[in-house]
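Everything below concerns the one structure shown next.
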């Protein structure tokens, strides 16, 4: 508990920001869902066949996995808040529409007849009789939708929308249960607050409910305008999942602020996969993120033949980025290439030192686990398997990187992929196999930047190029170990490195 309390204190600013992001995202999604679903239910309340078809449609949407829906939306609307809100609204419509329709169509027929006898118009009957009587059922649907939205909104962190999901992802990635508990617990508390708040407003009249709704819409609209204004004067630095990108983006921020203390810099850690970040950079939703030369040529340029010379690979990546109207700044010293690692017991039993040695291991003894990026890339597992003739590796699971290390540490796996700078290789006493055929290309990291960002703030290039040929493999492994295993702050570890090497004051 003491450790958890210390984490809460040290991360209070980040927690406050994540909570605000989660709250705003949930409120916007809920209000839009109400605006769509309730009028929709009213419009079909006397048309049961149409209502049935609509109910079937929104039910089908509900069955689409949330990650799949987010993935489908990204090419259409980009990343960040917009696809997250669209997905959350799509999921929230069903309970609100279903309850609204049920409430409006289950009113006592005698009351309906009395209203008609009094000569009430369609709108007056709806406003004075039907909606007030259906309101408890409608609000019950809104409560269900609110809880669902808050829980699902944690996935928004995967596409750069922030929120409490960023703590859950970071906790999973770094095996830090404190961060995971903070993210999950605050999500649960937020859901309870929403639930209680909706129960309170049940007692209000329809006019007061509409008035409160208009105030919320005004506040949200004003907040969105202010946020867009703020973003126009801000440099956004994003990083992929993991401790290493988190360390690097904190270094970038410190270096930039050293050059220009007045510049507003926002960090978006644990942003997601390579393609998410790359699209965000191209669309101007992100200004800078750390990328590796081999990854650029494999994932973006789709090259099948990559030089084994680090400088040549870097120059090829830099030239390719120029064709994409992006700037690839100076590279660091270390390389963070792929590595295949096996358990100590398997390495000892079959004297495994090189990747080619895996061919002599019986297939039933190789239980492999790979990250999705490595398994799906053409130059990842499939290419490696063909180059080395590893037809005996058949039992394969795809997991997040930190789960791979836990699984091999618990002897549930015997072969995994990783990176040469991973601290977990040493934490779990794994044997990293030598790439004796030199299959993997060089992976030198450097900042990938939008040219317009450098035009507006030329000091950024000077700042970030201070990392040219800095950070050795050993130094990166040590920093990763401190963040991923010792659970030190990435900001603290990054700042200490920069000051110790006199890159900032």
Query raised in the report: Is it the case that residue 190 is at pLDDT 80 or above and assigned by TED's automatic domain parsing to the domain that holds residue 11?
Result: yes
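In the range 97-115, is there at least one residue being on the phi < 0 side of the Ramachandran plot and within 31 Å of the chain's Cα centre (by Cα)? Before you say what the answer is, go through the steps one by one.
First, pick out the residues of the range 97-115 that are on the phi < 0 side of the Ramachandran plot: 97-115.
Going one step further and asking which of them are within 31 Å of the chain's Cα centre (by Cα), we end up with 97-98.
For the range 97-115, residues on the phi < 0 side of the Ramachandran plot and within 31 Å of the chain's Cα centre (by Cα): present.
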Report summary line: Scanning the range 443-457 residue by residue, those more than 27 Å from the chain's Cα centre (by Cα) and either outside the structural domain of residue 257 (by TED's automatic domain parsing) or not in a helix (DSSP H, G or I) (or both) turn out to be 457
Query raised in the report: Within the range 105-116, is even one residue modelled with pLDDT of 80 or more and under 30 Å from residue 81 (Cβ atoms)?
Result: no
Report summary line: Quick count over the range 255-272, residues being over 13 Å from residue 464 (Cβ atoms), in contact with a helix residue (DSSP H, G or I) (Cβ under 7 Å, 6 or more places away or on another chain) and free of Cβ contacts under 8 Å to residues at least 60 places away in the same chain, is 1
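Given the structure, is residue 427 surrounded by 14 or more Cβ atoms within 10 Å (Cβ to Cβ) and modelled with pLDDT under 90?
On the way: surrounded by 14 or more Cβ atoms within 10 Å (Cβ to Cβ): yes; modelled with pLDDT under 90: yes.
Considered against the rule, which asks whether it is surrounded by 14 or more Cβ atoms within 10 Å (Cβ to Cβ) and modelled with pLDDT under 90, residue 427 comes out as yes.
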Query - Residues of the range 430-455 satisfying the condition of being within 13 Å of residue 235 (Cα to Cα) and either out of contact with any strand residue (DSSP E or B) (no Cβ under 9 Å at 6 or more places or on another chain) or loosely packed, with under 14 Cβ neighbours inside 10 Å (or both) - result: 451, 452, 455
Query raised in the report: Hey, any hits in the range 371-389 for a residue that's over 22 Å from residue 308 (Cα atoms) and in contact with a strand residue (DSSP E or B) (Cβ under 7 Å, 6 or more places away or on another chain)?
Result: yes
Query raised in the report: Hey, does the range 301-314 have a residue that's over 21 Å from residue 75 (Cα atoms), surrounded by 20 or more Cβ atoms within 10 Å (Cβ to Cβ) and modelled with pLDDT of 90 or more?
Result: yes
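Can you spot a residue in the range 392-403 that is over 28 Å from the mean Cα position of the chain (by Cα), assigned to a helix (DSSP H, G or I) and surrounded by fewer than 17 Cβ atoms within 10 Å (Cβ to Cβ)?
Pass one, the range 392-403, residues over 28 Å from the mean Cα position of the chain (by Cα): 392-395.
Adding the requirement that they be assigned to a helix (DSSP H, G or I) leaves none.
Taking every residue of the range 392-403 in turn, none turns out to be over 28 Å from the mean Cα position of the chain (by Cα), assigned to a helix (DSSP H, G or I) and surrounded by fewer than 17 Cβ atoms within 10 Å (Cβ to Cβ).
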Query raised in the report: Can you find even one residue in the range 33-53 that is closer than 30 Å to residue 239 by Cα, surrounded by 19 or more Cβ atoms within 10 Å (Cβ to Cβ) and touching a residue at least 12 places away in the same chain (Cβ under 8 Å)?
Result: no
Query raised in the report: Which of (1) exposed (fewer than 13 other Cβ atoms within 10 Å of the Cβ); (2) over 37 Å from the mean Cα position of the chain (by Cα) is the odd one out, the single condition residue 65 does not satisfy?
Result: (2)
Query raised in the report: Which one of 237, 247 is modelled with pLDDT of 80 or more, touching a strand residue (DSSP E or B) at 6+ places or on another chain (Cβ under 7 Å) and not assigned by TED's automatic domain parsing to the domain that holds residue 96?
Result: 237
Query raised in the report: For the range 152-166, what are the residues that are closer than 17 Å to residue 27 by Cβ, in a loop (DSSP other than H, G, I, E, B) and within 8 Å of the chain's Cα centre (by Cα)?
Result: 161, 162
Report task. Just give me the residues in the range 353-387 being part of a loop (DSSP other than H, G, I, E, B) and either modelled with pLDDT of 95 or more or under 27 Å from the mean Cα position of the chain (by Cα) (or both), in sequence order. Result -> 371, 377
Query raised in the report: In the range 269-324, which residues are under 24 Å from residue 255 (Cα atoms) and assigned to a loop (DSSP other than H, G, I, E, B)?
Result: 269, 270, 271, 272, 284, 285, 286, 287
Requested in this report: Assess whether residue 170 counts as being surrounded by fewer than 24 Cβ atoms within 10 Å (Cβ to Cβ), in a helix (DSSP H, G or I) and either outside the structural domain of residue 287 (by TED's automatic domain parsing) or in contact with a strand residue (DSSP E or B) (Cβ under 7 Å, 6 or more places away or on another chain) (or both).
Outcome: no
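The values are calculated or read from the model by the stated rules, or taken from the named source; none is laboratory data. It should be emphasised that the depicted structure is a prediction, and the values quoted were computed from it without experimental measurement. Positions of Cβ are generated from backbone atoms using ideal geometry, with glycine treated the same way; all protein chains shown enter the neighbour counts.
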